[in-house]
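Asks: Here it is, the structure in full.
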Amino acid sequence: MVEIRWHGRGGQGAKTVSQILAQIVLREGKHVQAFPEYGPERSGAPVRAYDRIADEEIRIHSGVYHPDIVVVIDETLLESENTAEGLKPNGVLIVNTARSEDEIRKVTGFSGKIIAFDATKIAQEAGTGFPNVPMLGAVVAVLGTDPKVAEEELKETLSHRLTPEVVEKNLKAFRAGYEAAKGVYVGG
Amino acid sequence: MAVELKSWKELPIGGVIPGGATPELNKTGSWRSKRPIWDAEKCIHCLQCWLHCPDDSFFVKDQKITGIDYDHCKGCGVCAAICPVDAIEMVPERGGGK
Amino acid sequence: MKKVMTGHKAVAEAMRQIEPDVVAVYPITPQSEIAEYYAQYVADGLVRTELVPVESEHSAMSACIGAAAAGARVITATASQGLALMVEVLYIAAGLRLPIVMALANRSLSAPINIHCDHSDAYLARDSGAIQIFAESAQEAYDYMVIAQRLAEDEKVRLPVLVNLDGFTLTHSSQVVETLSDEAVKGFVGEYKAVYPLLDVDNPVTWGAFAMPDYYFELKRAQQAGMEAAPDVFLQVQEEYAKLCGRPYRGFFEAYKLDDAERAIVVMGSTAGTAKVVVDELREKGERVGLLKVWLWRPFPRKEITEALAGAKAVAIMDRAISFGNLGALYLDVVSGFAGREGPVFVNYIYGLGGRDIPVEHIAQVFEGLKRAETGELRYLGLRE
């Protein structure tokens, strides 16, 4: 079982991508849970969301304490929260940042694999402005999920609420995030 | 009067009363200590007594009062109090009072 | 069809497929999304249900009672304080033998105010006369909503049924849920047959009549007969549903690796899933541990649970609510079956109040704690001393 913790701020879509990820891996026949942490739900407040992905039925209903992947959508949280807390030594820390991997290692104290890339810039260049989608791309890469399957699900889900042009921009942002993380696998 | 009470197994579900329950079956007239006497001569058929009676105990035909249903009248006296022409008088039931 | 959906979406989907005549509901966290989804279905014309947006839960249950007496199939949903406000009228729904199905998104009761899960709301309605079922997952919540409809409406039962699902843990967490086709659900629940419907004006009846001391007792005894009939009907409907859905539902509870267990846990709701993980881990180490997950809490299947636990040496009964001034309600339920006979040592654990998380380590502590235990002990799991 792979457990993922997403760190974001209210309104940045951490919960949304955690749910889209669940739908993506369901397409690959995985069992899955996706749930946010409910505290004060205010725009801008730190929020956490979680995924559990497994080949077998998931029965555990507790919180996630030792994630395999931690995703930080908003790098300002690196200073205010212990984002690497409980992250398994052989896990992966994925951070949206313009800073280098070494700098992130210093800030978080995490000794395992770190993927640092500027998802905000990717989102701006793609014309969406939301870094959660390139971060989703990175997680899909790290999980070793077929990116085609992921794109199909993303396209279908986003098409319910966005115009075709905006969907295309998001897919572009997703691919760029995927490319940024490609080659690093969780647990491998 | 002996009433045969049913066992719990014989009762309709949820205490429902099939056919509808109505006070018609319950002769509440026996509760009365005072009896209204209606004076047909004085009555102007304004129907205020019929309107106010809590037990629907006034007989009406063609929008005229024709009498009182003593099987159900409990003797509350509202009719006598509301009557604008004092056509109803409350008198003690036989056996009680004068 | 398998989809990722939250627990409240799973409940709303079951409701959409059942398509009751009336849904009277008032929003409250963590139930609100059930009401919101259903309101959307009505607005989108997916269902022909009359949605009654009432001004309180007391009104919600009152409207449900009126509609059910009129002859409608009725569903509602609530949580926590909402149920507290409903309880006065829930007793009336049960007394009038009205088959109202309700999803209860379990949440603690104030004070202090808290929006997270425990079972104090369900415990509040324990003696209301409503049947109570607990779900472990969103899948079970969906399945038992459909089963509840048939159970509630059975002519021998005719009682409200509460389907409990843990607030947030199940309501707000996305899980894989396999739904049946609309036709399959509609076929399973069938046409609603009303009993003494008020709208049948050719056959007038009186509902809610007064009962004096000469009849009140008999009517309450007759109500108990509905509860007495419920277990058999539950098993029949569950078996039929299991065939339809292909999932192995069988019995009033799930006995997980319980047969040869020396130490066992009795629990209701989503914690059972976490406990199974621990049972598996301990079994791999050769420990004889097991789990009894209660599905049907009211009526309480005392005889069957007694038999299932008789072989154990020590049993932890986990209550997710305090019954102030006594041991937990589930504890007393289970132990009552052993009155006058030999049985295991029984310990009561109070756990998970107000959404306190229950990680696997805590469940492991319970199994460990059963090695040294005395009957009647009350322990608090996950509490700071």
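No lab work stands behind these numbers, since they all come straight from the coordinates. The structure displayed is predicted, hence computed values, not measured ones. Every residue, glycine as well, gets a Cβ built from its backbone with ideal geometry; the counts of neighbours run over all protein chains shown.
Asks: For region B:1-60 and region C:325-362, what is the separation of their Cα centres, given in Å?
Replies: Between the Cα centres of region B:1-60 and region C:325-362 lies a distance of 55 Å.
Asks: Note down the nm distance, to one decimal, between modelled labels 7 Å out along Cα→Cβ at C:LEU332 and at B:ASP71.
Replies: Result: 5.1 nm between the two label points.
Asks: Is there a simple number for the mean count of other chain Cβ atoms within 10 Å of the Cβ of residues in C:164-175, and what is it? Could the numbers behind the result be given before it?
Replies: Numbers: counts 0, 0, 1, 1, 4, 4, 2, 1, 6, 8, 13, 9.
Mean shielding count: 4.
Asks: Run through every distinct alpha carbon pair of region B:40-92 and return the Kirkwood hydrodynamic radius in angstroms, one decimal place. Numbers along the way, then the final one.
Replies: Details: mean 1/r = 0.0900 Å⁻¹.
For region B:40-92, inverting the mean 1/r across all distinct Cα pairs yields 11.1 Å.
Asks: If you don't mind, there's one more thing I want to ask. Taking the alpha-carbon distance from A:LYS155 and a cut-off under 24 Å, which lysines remain once sequence neighbours fewer than 8 residues away in the same chain are dropped?
Replies: The reachable lysines, counting only those whose Cα sits under 24 Å from A:LYS155, are A:LYS15, A:LYS30, A:LYS121, A:LYS169, A:LYS172, A:LYS182, C:LYS2, C:LYS3, C:LYS9.
Asks: Given the -39500 (n - 2.57) contribution per DSSP H run of 4+ residues, what per-residue ellipticity at 222 nm results for the protein assembly as shown, rounded to the nearest 500 deg cm²/dmol? Present the calculation step by step, with values, prior to reporting the outcome.
Replies: Details: 21 runs with 240 residues, N = 671.
Dividing the helical sum by the residues of the protein assembly as shown leaves -11000 deg cm²/dmol.
Asks: Using a ≥ b ≥ c from the Cα gyration tensor of region C:1-58 (square roots of the eigenvalues), is it rounded, prolate or oblate, where a/c under 1.5 gives rounded and otherwise the larger of a/b and b/c decides, a/b for prolate?
Replies: Oblate.
Asks: Related question: What dipole magnitude, in Debye to the nearest 20, does chain C give about its Cα centre under +1 on Lys/Arg Cβ and -1 on Asp/Glu Cβ? Each step should come with its number before you reach the end.
Replies: Values: 37 positive and 51 negative charges, 128 e Å.
Dipole of chain C, to the nearest 20 debye: 620 debye.
Asks: Further question: Going highest first, how would you order C:212-220, C:250-258 by mean Cβ packing within 10 Å? Could the numbers behind the result be given before it?
Replies: Working: C:212-220: 12.6, C:250-258: 18.3.
Answer by packing, highest mean first, reads C:250-258, C:212-220.
Asks: Okay, moving on. Build a GNM of chain A with springs between Cα atoms under 10 Å: which of A:ARG27, A:ARG52, A:ARG42 gets the top mean-square fluctuation?
Replies: Highest fluctuation of the listed residues: A:ARG42.
Asks: If N is the number of residues in chain B, what value comes out of its Cα radius of gyration divided by 2.2 N^0.38 Å? Walk me through the intermediate numbers first.
Replies: On the way: Rg = 17.2 Å, N = 98, 2.2 N^0.38 = 12.6 Å.
My calculation over the Cα atoms of chain B gives 1.37.
Asks: Please report how many Lys pairs in region C:192-311 have alpha carbons closer than 15 angstrom, counting only residues at least 8 apart along the chain or sitting on separate chains. Walk me through the numbers on the way to the answer.
Replies: Details: C:LYS257/C:LYS276; C:LYS257/C:LYS285; C:LYS257/C:LYS293; C:LYS276/C:LYS285; C:LYS276/C:LYS293.
Pairs that pass both the separation and distance tests number 5.
Asks: For each of A:MET1, C:MET61, C:MET1, count neighbouring Cβ atoms within 10 Å of the residue's Cβ, then give the residues from fewest to most. Before the final figure, lay out the partial values.
Replies: Details: A:MET1 14, C:MET61 32, C:MET1 7.
By the 10 Å Cβ count, ascending, the order reads C:MET1, A:MET1, C:MET61.
Asks: Give the cross-link partners of B:LYS34 among the lysines, using a straight C-alpha distance below 28 Å as the criterion and excluding same-chain residues fewer than 8 apart.
Replies: B:LYS42, B:LYS61, B:LYS64, B:LYS74, B:LYS98
Asks: Can you run phi through the Karplus equation (6.51, -1.76, 1.60; θ = phi - 60°) for region B:32-47 and list ³J(HN,Hα) in whole Hz, with x for Gly and Pro?
Replies: Per-residue couplings from phi come out as 6, 9, 10, 10, x, 10, 9, 9, 5, 5, 6, 4, 9, 6, 6, 6 Hz.
Asks: From the residues A:THR163, A:ILE60, A:VAL70, which one has its Cα farthest along the dipole of region A:49-188 in the positive direction, the dipole being from +1 and -1 charges on Cβ of Lys/Arg and Asp/Glu about the Cα centre?
Replies: A:VAL70
Asks: Something else: Rounded if a/c is under 1.5, else prolate if a/b is larger than b/c, else oblate: which is region C:174-260, with a ≥ b ≥ c the root eigenvalues of its Cα gyration tensor? Intermediate results must be reported in sequence, preceding the final value.
Replies: On the way: a/c = 3.49, a/b = 1.57, b/c = 2.23.
Verdict is oblate for region C:174-260.
Asks: Going from the alpha-carbon gyration tensor of region C:253-381, what semi-axes, largest first and in whole Å, does one get by taking the root of 5 times each eigenvalue? The partial results should precede the final answer.
Replies: On the way: eigenvalues 72, 63, 39 Å².
Taking √(5λ) for each eigenvalue gives 19, 18, 14 Å, largest first.
Asks: Hey, what angle do you get for helix C:7-18 against the long axis of chain C, alpha-carbon based, 0 to 90 degrees rounded to 10?
Replies: On a 0 to 90 degree scale, this one is about 40.
Asks: Counting only DSSP beta bridges with both residues in the protein assembly as shown, tell me the antiparallel percent, nearest 5.
Replies: Numbers: 38 of 91 bridges.
Roughly 40 percent of the beta bridges in the protein assembly as shown run antiparallel, per DSSP.
Asks: Taking every residue in A:26-35, how many Cβ atoms of other protein chains lie within 10 Å of its Cβ, on average?
Replies: Values: counts 5, 1, 0, 2, 1, 3, 4, 7, 6, 10.
The per-residue average across the peptide is 4.
Asks: Enter the mean number of other protein chain beta carbons within 10 Å of the beta carbon of each residue in A:52-64, as an integer. The partial results should precede the final answer.
Replies: Working: counts 2, 0, 0, 0, 0, 5, 5, 12, 11, 19, 14, 4, 2.
If you average over the peptide's residues, the count of other-chain Cβ atoms is 6.
Asks: Can you tell me which of C:GLN223, C:GLN365, C:GLN132 moves the most in a GNM of chain C? Springs connect C-alpha atoms under 10 Å apart.
Replies: C:GLN365
Asks: Just the C-alpha atoms of region A:102-183: what Rg/Rh do they give, with Rh taken as the Kirkwood radius?
Replies: Numbers: Rg = 13.6 Å, Rh = 13.2 Å.
Reported Rg/Rh (Cα atoms, Kirkwood Rh): 1.03.
Asks: Oh, and also: Just to be sure I understand: with springs between alpha-carbon atoms less than 10 Å apart, which residue in B:PRO12, B:PRO54, B:PRO23 has the highest mean-square fluctuation in the Gaussian network model of chain B?
Replies: B:PRO12
Asks: In whole Å, what three semi-axes, largest first, describe the equivalent ellipsoid of the protein assembly as shown built from its Cα gyration tensor (square root of 5 times each eigenvalue)?
Replies: Each semi-axis is √(5λ); the values are 60, 31, 21 Å.
Asks: Gap in Å between the Cα centre of region A:47-61 and the Cα centre of region C:270-288?
Replies: Cα centroid of region C:270-288 versus Cα centroid of region A:47-61: 17 Å apart.
Asks: Can you list, bin by bin at 5 Å, the percent of alpha carbon pairs in region C:69-124, starting at 0?
Replies: Bins of 5 Å from zero give 5, 19, 27, 23, 13, 9, 4, 1, 0 percent of pairs.
Asks: Between A:TYR38, A:SER111, A:THR16, whose Cα lies farthest towards the positive end of the dipole of region A:2-181 when Lys and Arg beta carbons carry +1 and Asp and Glu beta carbons carry -1, centred on the Cα centre?
Replies: A:TYR38
Asks: Work from the charge dipole of chain C (Cβ charges, +1 for Lys and Arg, -1 for Asp and Glu, about the Cα centre) and give the residue of C:TRP295, C:LEU96, C:HIS362 farthest towards its positive end.
Replies: C:HIS362
Asks: Okay, moving on. Would you mind checking the tilt of helix C:216-245 against the longest principal axis of the Cα atoms of chain C, expressed as 0 to 90 degrees and rounded to 10?
Replies: Result, in degrees: 80.
Asks: Could you give the dipole magnitude of the protein assembly as shown about its Cα centre, charging the beta-carbon of Lys and Arg +1 and that of Asp and Glu -1, in debye to the nearest 20?
Replies: Values: 71 positive and 91 negative charges, 139 e Å.
Roughly 660 debye, rounded to the nearest 20.
Asks: Decide, for region A:21-162, between rounded, prolate and oblate: order the square roots of the alpha carbon gyration tensor eigenvalues as a ≥ b ≥ c, take rounded if a/c falls under 1.5, and otherwise choose prolate if a/b is larger than b/c, else oblate. Don't skip to the answer; put the middle values down first.
Replies: Working: a/c = 1.44, a/b = 1.14, b/c = 1.26.
Verdict is rounded for region A:21-162.
Asks: Regarding region C:2-245, what is the average projected area of its C-alpha convex hull, in nm²? List each step's numbers first, then the result.
Replies: On the way: hull surface 52.5 nm².
Its average projected convex-hull area is 13.1 nm².
Asks: While we're looking at this one, here's another question. Would you mind working out the magnitude of the charge dipole of region B:40-92 relative to its Cα centre, with +1 at each Lys and Arg C-beta and -1 at each Asp and Glu C-beta, to the nearest 20 Debye?
Replies: Working: 4 positive and 8 negative charges, 21 e Å.
My answer is approximately 100 debye.
Asks: So what's the angle, to the nearest 10 degrees on a 0 to 90 scale, between helix C:360-369 and the longest Cα principal axis of chain C?
Replies: Its long axis makes an angle of about 60 degrees.
Asks: Here is a further query. For region C:113-147 and region C:27-91, what is the separation of their Cα centres, given in Å?
Replies: With region C:113-147 and region C:27-91 each reduced to a Cα centre, they are spaced 16 Å.
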